[in-house]
Amino acid sequence: MGDAFPPSPNPIYLLPPTLPSATSSSPDAIESSSRGGRLWPIRRPPLRFTTEFDSECPLFFHKISCKFFGSLAKLKLSFQNDTKGEIFSPQLGFITKNLAVLYDVESRNTLVKGSFDLGRHLQVQTTYDLQEQLGAIAMAATLPDPLAKLELSSCVPLVRMPRAALKFPAGEVVLEQRDNVKENDEVTKVLAIEGILRKQLLNGVCTFTFNRNDLNLRYSYKDEELSFIPSVNLPSNSLSVAFKRRFNPSDKLSYWYHFDSNVWSTVYKHTISKELKVKAGYDSKVRLLWASLWSSKWLTIPKDLRSQITRCDMEFMV
């Protein structure tokens with residue numbers, strides 16, 4: 001079939017001889033590029049595929065992601081499909097530490113999120129919807145002494161006063177402007193304050209929650225075997241109590257009673273294993289007896305391909 005070519009004194013390898021060839025079964029594919037007259041191996045960034053199944057919908061949730069630039073950025077594709085195979089809600093995202101661009105394929109809309117720090121104790125976060133031409137901006141300042149966090153947030157364009165929230169170890173207080181609708185359908189803007197305060201009292205925690213219309217006082221006592229939680233709401237004067245009893249590490253009984261309506265409910269929980277739990281209960285308001293089987297790992301599958309059935313429910317009207 002013709003004369004053979006004589007061997008070259010200086011053979012040229014497409015890839016270094018010590019590396020596997022392009023047809024190798026190694027999971028990391030290798031390409032070559034020229035740099036300064038030499039050939040260098042380039043590894044393609046690995047792809048990660050995750051899928052989950054929700055038996056209540058039922059729907060499959062899929063995510064495909066790929067990190068590149070030394071894990072400085074990530075490209076993510078997510079979508080859903082039903083049991084008929086119809087695909088919907090596809091979304092493509094480009095995500096970095098300080099910037100995220102999310103594109104919705106069905107609505108052809110782009111959502112941009114960004115964050116950056118101004119010094120050690122001040123952070124700015126922004127969100128903007130390109131299709132709706134609406135966004136939000138928030139600034140959070142951390143106060144080291146005493147330990148507290150002040151947040152100011154507002155929508156863009158500005159239509160009302162910014163929302164102010166002060167968070168501290170004992171609770172949170174929020175001040176914001178809201179629309180107040182009068183009897184003649186006239187809308188006025190008022191300042192509303194709401195918050196939550198917590199205080200250690202005896203062997204439990206006393207929680208005081210307030211807003212423009214209601215006040216709620218709740219006391220929670222808990223130990224390893226017993227929980228007792230009375231609660232009163234003002235100005236309706238509605239009183240309720242919750243009682244929880246743990247018989248052993250696997251069995252727990254919970255009971256709730258509302259004094260103003262005589263409505264009660266109870267739940268019994270039994271843990272078979274770390275991955276399998278059984279619950280049963282009754283609600284007197286709707287006269288419903290129910291049972292639930294919950295599993296965190298219904299099937300044993302590889303880590304990068306996760307599929308789980310979270311619950312199996314049964315309900316009976318009494």
Q | From 87, 95, residue being under 29 Å from residue 57 (Cα atoms), among the β-branched types (Val, Ile, Thr), in the same structural domain as residue 54 (by the TED database) and under 18 Å from the mean Cα position of the chain (by Cα) | A | 95
Q | Residue satisfying all of: in segment 164-195; among the polar types (S, T, N, Q) and assigned to a strand (DSSP E or B); surrounded by the fewest Cβ atoms within 10 Å (Cβ to Cβ) among these | A | 188
Q: Enumerate the pairs (first residue in segment 238-251 and in contact (Cβ under 8 Å) with a residue 12 or more places away in the chain and basic (Lys, Arg); second residue anywhere and loosely packed, with under 13 Cβ neighbours inside 10 Å and assigned to a strand (DSSP E or B)) with beta-carbon separation below 8 Å, excluding pairs fewer than 6 apart on the same chain, so at least 6 apart or on different chains.
A: 244/226; 245/226; 246/226
**Q.** Selected residue (only one of 233, 211 is closer than 30 Å to residue 136 by Cα and either in contact (Cβ under 8 Å) with a residue 12 or more places away in the chain or not assigned by the TED database to the domain that holds residue 113 (or both))
**A.** 211
Q | Within segment 98-118, considering residues that are under 19 Å from the mean Cα position of the chain (by Cα) and polar (S, T, N, Q), the one surrounded by the fewest Cβ atoms within 10 Å (Cβ to Cβ) | A | 98
Q: For segment 38-53, indicate whether the set of residues that are surrounded by 10 or more Cβ atoms within 10 Å (Cβ to Cβ), at pLDDT 85 or above, closer than 30 Å to residue 137 by Cα and under 20 Å from the mean Cα position of the chain (by Cα) is non-empty.
A: no
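The values are calculated or read from the model by the stated rules, or taken from the named source; none is laboratory data. None of the values given here were measured: they were computed from a predicted structure. Cβ: placed from backbone, ideal geometry, glycine included. Neighbour counts: every protein chain shown.
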